[in-house]
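Presented below is the structure to which this report refers.
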Amino acid sequence: MSINRLGKYINLFTDFGFKRIFGTEKNKDLLIDFLNTLLEKEISPIQRLTYLNNERLGKQAKDRKAFFDLYCENQQGEKFIIELQKAEQAFFKDRSIYYATFPIQEQALKGKWNYELTPVYTISIMNFIFDNDFPEQVISRVELRERDTNRLFFDKLKFVYIEIPKFHKKNTELQSNLDKWLYVFRNMHQLEKMPNEVQQGVFLKLFKECEIAQYKPKELMEYEQSWKELNDMFAVLSTAEKKGEKIGIEKGEKIGIEKIVINAIKKGFDNATIQELTGLDIASIEKIRKNLTK
């Protein structure tokens, strides 16, 4: 695949693009600016951020693992899970809440402990719409509140869901720093030049880091593969949707999910990626994989 075909800037919804821009030490200032912008009304400004191991283990070997896209801690010990969700997934909300339990449980101290917790923020950047009831609401902020009075019950567990496809502002309509971040997430890979409205601050560095022409051959190969995997993922979902819609009506949703798994296996996806797509457990995926080889 030629550089020209890939465009001028990387797609931030590829694994390579997201990890390179937000998951490396040299670009940590970009992640800090994004988090400070997104959470400016909820946290003190982040000055230092430490990347933590993104693989979380259960209490026992048989327990299910969790793999975060990014897992960080600021100078005050507050934890941040940042997840990039490329396609709609069954039980996505359930998964995000399940993931939040890991940084909560790991705060438990041996011996005497008074159960005091540091805040945990789960941020999901989604390339799909999961709530059609509020078409104008790009960002949903979820926390524990008392139902009848709507008063805040617990302020140390918060979820932020960003539905990028709902953001429709043009570059000439951008006002806030948050507008600019949402704009680049949605449009970066389609741009041929940096819009005047974002030619300032961290965005100057962001566009420079996203420019494909400056990548080394190894990086370019990794991005090409990541881009191909993203396109293959959408192809699998599109095919399964067309073929599985009738099946789902006749025999139930489970058959539709299995169709997605079969198509993903044929495309060469590994079990972890298929699990991310479908929400199906690894054992069920492996069972389908073995049946295909018979």
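Rule-based calculations on the coordinates, nothing more; no lab input. These figures come from a predicted structure and were not determined experimentally. Note that we place each Cβ from the backbone using ideal geometry, even for glycine, and neighbour counts take in every protein chain shown.
Annotations
- Reducing the stretch 2-45 and the stretch 132-176 to their Cα centroids gives an inter-centroid distance of 20 Å.
- Net charge of Cβ neighbours under 15 Å - reference PRO135; Lys, Arg +1; Asp, Glu -1: -2
- Note on THR122, THR293: ascending count of other Cβ atoms within 10 Å places them as THR293, THR122, the fewest first.
- Note on the chain: Rg/Rh from Cα positions, Kirkwood definition for Rh, rounded to two decimals, is 0.97.
- Inter-probe distance in nm under a simple model that places probes 7 Å from Cα toward Cβ, at LEU152 and LYS266: 5.1 nm
- Residues VAL184, VAL138, sorted so that the one with the fewest Cβ neighbours within 10 Å comes first: VAL138, VAL184
- The chain: DSSP helices with Cα axial extent of at least 18 Å and average Kyte-Doolittle hydropathy no lower than -1.0: 92-105, 217-251, 253-266
- Segment LYS228-LEU292, extension gain: residue separation times 0.36 nm, minus the distance between their alpha carbons: 20.7 nm
- With a threshold of 19 Å on the Cα-Cα distance, the over-threshold entries among LYS41/LYS158; LYS26/LYS180; LYS8/LYS208; LYS266/LYS290 are LYS26/LYS180.
- The mean sequence distance of close C-alpha pairs (under 8 Å, at least 6 residues apart), as a share of the length of the chain, puts its relative contact order at 19 percent.
- Distance (nanometres) between label positions extended 7 Å along Cα→Cβ at ARG141 and GLN75: 2.2 nm
- Listed peptides 147-160, 26-39 appear in the order 26-39, 147-160 once ranked by packing, highest mean of other Cβ atoms within 10 Å at the front.
- Based on DSSP H segments of at least four residues, each scored -39500 (n - 2.57), the chain has a per-residue ellipticity at 222 nm of -13500 deg cm²/dmol.
- Estimated distance in nm for a label pair at LYS112 and LYS208, the labels positioned 7 Å out from Cα along Cα-to-Cβ: 5.3 nm
- Packing, as the average of other Cβ atoms within 10 Å across residues, places the peptides 124-132, 110-118 in the order 124-132, 110-118, highest first.
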